[in-house]
Amino acid sequence: MSGQQNQSWIPEDVPLDKPNPARMYDYFLGGMHNFEVDRQAAEQVLQILPEVRLIAQANRAFLIDAVKYLANQGIDQFLDIGSGIPTRGNVHEVVQEINPESRVVYVDIDPIAVAHSRALLEGNPRATCIRADARDVEMIVNHPEVETLIDFSRPVGLLLVAVLHFIPDDEEAHGIVRQFRHRLASGSYMAISHATMEGWPPDVLERILAIYKRSTAPAKARTKDEIVRFFEGWELVEPGLVGLDEWPLSKQFKLEFSAAYVGIARKP
Ligand SMILES: C[S@@+](CC[C@H](N)C(=O)[O-])C[C@H]1O[C@@H](n2cnc3c(N)ncnc32)[C@H](O)[C@@H]1O
């Protein structure tokens, strides 16, 4: 998207004067679904830390690896919260290749991410995208399109990939995950990636978070201890909760520090 003019299809409640994390992430990944304001903010981040592009790619590698693992464990229904703008290797493409019957519901707060996802999914009866705030777990699980595709009496693959750090309030972030943990059937899996402040070069994260503070979704990094608590009562699968730089498939990006913690766990 080259400018902000003639975007009459964009809902009125989308603030186009503020950078948006979904579209900044799209820019980091080399996507085209971003505006000038997003590109400017993303360029400021890249000036502070050019490695952010690699961090975004390593995060996508974790996501794809996680959903392949889940699909190979027999998971055939996925709820992807904070799913973002479609890019190469989307969840439904990856899991429907393993099992064409797999169902996927994408959820994002950004209407532009939702509009692009819905356009891509037209004609796919087993995948959809709804607009919702992750904080509204009840609304998500009771949404008619979710109820059509996801059977909560069977195991679900819940994806919370690079989204919980956009819920800065600790109580709120843990409350969201607690509600999902409670709602999902035994045998369900949850994959999380979450930004951490551990291991960054001095000041770099603070300067980047200051840019996100001006965006539509300010972010917060958390410690490994805080992030591991999201999995409370669930069994982490190998290699456990590890730095993004240590996740086997993300190692290829040779990150200089972990940037985020990533892990997958199963509900006993
Ligand atoms: C960094 S992107 C991650 C996209 C994808 N999960 C991935 O890891 O490749 C973060 C996404 O979370 C979405 N997001 C931020 N806050 C959210 C909220 N409160 N509820 C739902 N989605 C949210 C953003 O719109 C954005 O699309």
For region 8-41, which positions are open to solvent by less than 30 Å² (accessible area, probe 1.4 Å), within 16 Å of residue 115 (Cβ to Cβ) and not polar (S, T, N, Q)?
10, 14, 22, 23, 26, 31, 35, 38
Within region 132-155, does at least one residue satisfy the condition of being hydrophobic (A, V, I, L, M, F, W, C), away from the ligand (no atom under 13 Å from the Cβ) and within 21 Å of residue 65 (Cβ to Cβ)?
no
Give the residue that is nearest to residue 132 (Cα to Cα), with candidates limited to residues of region 56-93 that are in a helix (DSSP H, G or I), open to solvent by 40 Å² or more (accessible area, probe 1.4 Å) and more than 13 Å from the ligand (Cβ to nearest atom).
93
If residue 199 satisfies all but one of (1) surrounded by fewer than 21 Cβ atoms within 10 Å (Cβ to Cβ); (2) touching a residue at least 60 places away in the same chain (Cβ under 8 Å); (3) over 30 Å from residue 50 (Cα atoms), what's the number of the condition it fails?
(3)
For residue 44, work out the one condition from (1) over 30 Å from residue 266 (Cβ atoms); (2) modelled with pLDDT under 95; (3) surrounded by fewer than 19 Cβ atoms within 10 Å (Cβ to Cβ) it doesn't fulfil.
(2)
Just checking, how many residues over region 94-146 are surrounded by 15 or more Cβ atoms within 10 Å (Cβ to Cβ) and of a type in the set (S, T, N, Q)?
4
Out of all the residues in region 94-119, which are aliphatic (A, V, I, L, M), in a helix (DSSP H, G or I), more than 10 Å from the ligand (Cβ to nearest atom) and touching a strand residue (DSSP E or B) at 6+ places or on another chain (Cβ under 7 Å)?
95
Taking residue 207 and the conditions (1) of a type in the set (Lys, Arg); (2) without any contact (Cβ under 8 Å) to a residue 60 or more places away in the chain; (3) more than 10 Å from the ligand (Cβ to nearest atom), which numbered condition does it fall short on, given that it satisfies the others?
(2)
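The values are calculated or read from the model by the stated rules, or taken from the named source; none is laboratory data. Small disclaimer: the values here were computed from a predicted structure and weren't measured. Positions of Cβ are backbone-derived with ideal geometry, glycine not excepted, and every protein chain shown enters the neighbour counts. Quick note on the areas: whole protein, heavy atoms, side chains included, nothing else; ligands and nucleic acids left out. Shrake-Rupley method; radii C 1.70, N 1.55, O 1.52, S 1.80 Å.
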